Amino acid sequence: MPQAVTQRYARALAGAVERQGKYREVAEEVGSFARCYRESIELREVLESPAVLPQAKLRVLERVMALLELSPIVRNFLRVLQSHYRLHLISEIQDAFERVVDDRMGVVRVAVVSASPLPPEQQTALENRFVRLTQKAPAIEYRVDPNLLGGVRASIQSTVYDGTIRGALDRIRMQMETA
Amino acid sequence: MNRRIGWWLATTLFAGLLAGASVMGCAAEPARAPLAVVVLATSSPANGHENLFDLINLVLLIVVLVYFLRKPLGQFFKARSSEIEQGLEKGRKALESAQAQLAAAEEKLRNVESEIVAFKEAAVRETEAERDRMRRAAEQETQRIIESAHSVIQSSVQAAKLELRRLAARQASELAEKLLRQRLDDAGRDRLVERFLEDLPSPPDHKPPA
């Protein structure tokens, strides 16, 4: 149920932003507010407490939005969330919105983990390969995990391509255990 | 009640006899009244008239007594007779019952020997049957325990095999990891990345260049 709700709000925001085309800017602004909401316990307590009047909550929200210098479209969106008592879902809505934006902009997010930092030529080769694989522009996030020993592990949404020694050793060990 | 009426009648009759004896001049010695009556029968003719009147008085007294006492005495003796008959009947029945019990006891005594023999034989048969049943139950229980032990042993062996396999796999994996850490150099890492790029699948509608 929350996933369906967040998806609905994310699509609505994307629809509102579509005319201006400022998907990334809006995504960043929503992300900054979501980060602020996650990190400030006091802000969460005020905005989620049933003891605080809606008018007081709106004043606090307006103050925070002014401090973050959010655009009018994001402010309107956050007011709607506040009036519908959905502000506590802001992080999930942000994730859903980024997925919707990626989909509309033809971008696919790829998480690449390697045992050691990849040199630029290998990063370029990976990017080109993912373009061929997904037929979309890959937004690659690189991360280093020495425990992998060697090789690369790439995750595209729910699909994982594992070319690491750690993965190979785990597969061999499982085969030996179940043989 | 009948006993009370009987005592009353006897007392009345005795009192009447005493009265009669008194009339005949024997009141000074009441205990000797019957003797006085006998003496009256053998008295001299000089006293004949007086004795006649006394006799008449006595007869009248007896008649009166009989008139008044006949019905209560009849009832008393009838009730007493009935009680005695009932007692006799009860005694007869008790005697018959005792005789029947005696006959049954004698019959039992006559059959007790054969009953003891039959009882012993039945006891031996039951003992044999119980022994067979217990032996079969013990055999079944033994078989069940053996099967259960086999099952436990098999599952333990399977678990031990699995644990051994896991241990061997883990040790082999750790040994391989150790060797790889020692021998893997930058060139090897580059080759792994290249192989990863080669092994990535192509999109379903992707046609490789000719």
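Between residue B:92 and residue A:179, the modelled label-to-label distance comes to 11.1 nm, taking each label 7 Å out from Cα in the direction of the beta carbon. The simple Förster model, with R0 at 51 Å and r as the Cβ-Cβ distance, assigns residue A:22 and residue B:148 a FRET efficiency of 0.10. Of all lysines in the structure, those lying under 25 Å Cα to Cα from residue B:120, and not within fewer than 8 positions of it along the same chain, are B:108. Taking the helices alone, the protein assembly as shown has a mean residue ellipticity at 222 nm of -26500 deg cm²/dmol, built from -39,500 (n - 2.57) per DSSP H run of at least 4 residues and averaged over all its residues.
The spacing between the stretch B:56-85 and the stretch B:87-143, judged by their C-alpha centroids, is 62 Å. Taking every C-alpha pair closer than 8 Å and separated by at least 6 residues, the mean separation divided by the residue count of the stretch A:116-162 gives a relative contact order of 30 percent. Rounded, prolate or oblate: pick one for the stretch A:2-103, where a ≥ b ≥ c are the square roots of the eigenvalues of its C-alpha gyration tensor, a/c under 1.5 means rounded, and failing that, prolate if a/b is larger than b/c, else oblate. Prolate shape, in that a/c is at least 1.5 and a/b is the bigger ratio. Using the Cβ atoms and a cut-off under 13 Å, what net charge is assigned to the surroundings of residue A:178, where Lys and Arg are +1 and Asp and Glu are -1? Here the charged neighbours net out to +3. In a DSSP loop and with at most 13 other Cβ atoms within 10 Å, the trypsin sites (Lys or Arg not before Pro) in the stretch A:1-87 are A:19. Springs between Cα atoms under 10 Å define the GNM used for chain A, and in it the highest mean-square fluctuation of A:20, A:94, A:135 occurs at A:20.
A straight line joining the Cα centroids of the stretch A:98-119 and the stretch A:1-77 runs 25 Å. Label-to-label distance for residue A:67 and residue B:195 is 5.4 nm, based on points extended 7 Å past Cα in the beta-carbon direction. With all protein chains kept in place, the per residue accessible area of the protein assembly as shown amounts to 70 square angstrom at a probe of 1.4 angstrom. Taken residue by residue and averaged, Cβ atoms of other chains lying within 10 Å of the Cβ of A:150-157 number 4. Straight-line reach from residue A:22: taking Cα to Cα under 26 Å and skipping same-chain neighbours fewer than 8 places apart, the lysines in range are A:136. Entry note, chain A: relative contact order of 21 percent, from Cα contacts under 8 Å with a spacing of 6+ residues.
Averaged over the residues of peptide B:196-202, the number of Cβ atoms from other protein chains lying within 10 Å of each residue's Cβ is 6.
The values are calculated or read from the model by the stated rules, or taken from the named source; none is laboratory data. Everything numeric in this text was worked out from a predicted model, so none of it was measured. Virtual Cβ from ideal backbone geometry, glycine too; neighbours counted across all protein chains shown. These accessible areas exclude ligands, DNA and RNA; they are computed on the full protein's heavy atoms, side chains included. Shrake-Rupley method; radii C 1.70, N 1.55, O 1.52, S 1.80 Å.
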